[in-house]
1. Within the group PRO96, PRO77, PRO70, which residue is more than 18 Å from the chain's Cα centre (by Cα) and under 24 Å from HIS178 (Cα atoms)?
2. If you go through region 146-174, how many residues are of a type outside the set (Ser, Thr, Tyr), out of contact with any strand residue (DSSP E or B) (no Cβ under 9 Å at 6 or more places or on another chain), surrounded by 14 or more Cβ atoms within 10 Å (Cβ to Cβ) and part of a helix (DSSP H, G or I)?
3. Residue pairs, Cβ under 6 Å, 6 or more apart or interchain, first in region 104-123 and farther than 16 Å from ALA145 by Cα, second buried (at least 18 other Cβ atoms within 10 Å of the Cβ) and among the basic types (Lys, Arg). List them.
4. Pairs under 7 Å by beta carbon, first residue touching a residue at least 40 places away in the same chain (Cβ under 8 Å) and closer than 17 Å to ARG108 by Cβ in region 136-148, partner open to solvent by 50 Å² or more (accessible area, probe 1.4 Å) and not basic (Lys, Arg), six or more apart or different chains?
5. Give region 102-145 a look and list any residue that's over 23 Å from SER173 (Cα atoms), among the hydroxyl-bearing types (Ser, Thr, Tyr) and crowded, with 20+ Cβ neighbours inside 10 Å, or say none.
Amino acid sequence: MAWHSPGMQAFVAIGDSFTEGLDDALPHGGHRGWADRVADRLSVEVRGFHYANLAVRGRLLGQVVAEQLPLALSLEPSLVSFAAGTNDALRRGFDPEGLSELVCETARRITAAGAVPLLFTGTDPSRRLPLTRRLLPRIEALNAAAREAAWETDGVLVDLWPERVFDDTRLWSEDRLHLNALGHARVADAVLEALGFEIAADWRAPLPAALPLSWSGRRVADLRWAGSHLVPWVHRRLRGRSSGDLISAKHPELAPWGVIDITDSADQRVG
């Protein structure tokens, strides 16, 4: 489906940290991410383009649907990206059938509101994080739901699951769970390609070969990661806290958008 047809001018993104843009940091604070990068391109290609990003890190699928979807639809967008469920997969009580129905129902609501749903399959973490293998059935269930929802509603599916380039740890931040700037740039190109735009480079192409870490180097990196990221995450779970408890949406209002000038203030727009 080519999304950039006449009259389709507003893009609203909803979801969790993946869509908020962690950890694609801007020079003076804040995060950019694949959705902002896509908005940059659409602002050049689509006359009268407007954009909002309601995603907040740590949100569960049900929270995204309850808190973000009604506001997104009230903005009368023509394109709504919907990516959530990974945080649910990390918790007890994961309900694949219930979550699958919620994904499909959300896509139907987006379509009924006159917008095109943009959905994603997740990458395979077990190919770079062996301890996550037990999560595969849950991720596969979410992926199946995204595929079904996109097929049922004639939506746009960005299928990241089979792409081995995301096995490369250089596309991920230090916490090993969030994409870095390079990873978000690859996802942005995948989205633009799925929407029918030409892209300058092959986002599926592997990175140049890198020297492997020694066994001791890997152990040191693992210990540093556990202390800086795993332990704080466990503490938040034990306290019933979320990384997004005090966070609000970074672009909550539908507004004209211009390319981010990443050499200056995070709030400055040019174009």
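1. PRO96
2. Qualifying residue count, region 146-174: 3.
3. Cβ pairs passing all conditions: none.
4. Taking only residues 6 or more apart or on different chains, the pairs are ALA146/LEU157.
5. THR106
The values are calculated or read from the model by the stated rules, or taken from the named source; none is laboratory data. Note that the coordinates shown come from a computational prediction; the quantities given were computed from them, not determined experimentally. Don't worry about glycine lacking a Cβ; one is built from the backbone with ideal geometry, like all the others, and counts go over all protein chains shown. Protein only, heavy atoms only, side chains kept; ligands, DNA and RNA dropped before computing areas. Shrake-Rupley method; radii C 1.70, N 1.55, O 1.52, S 1.80 Å.
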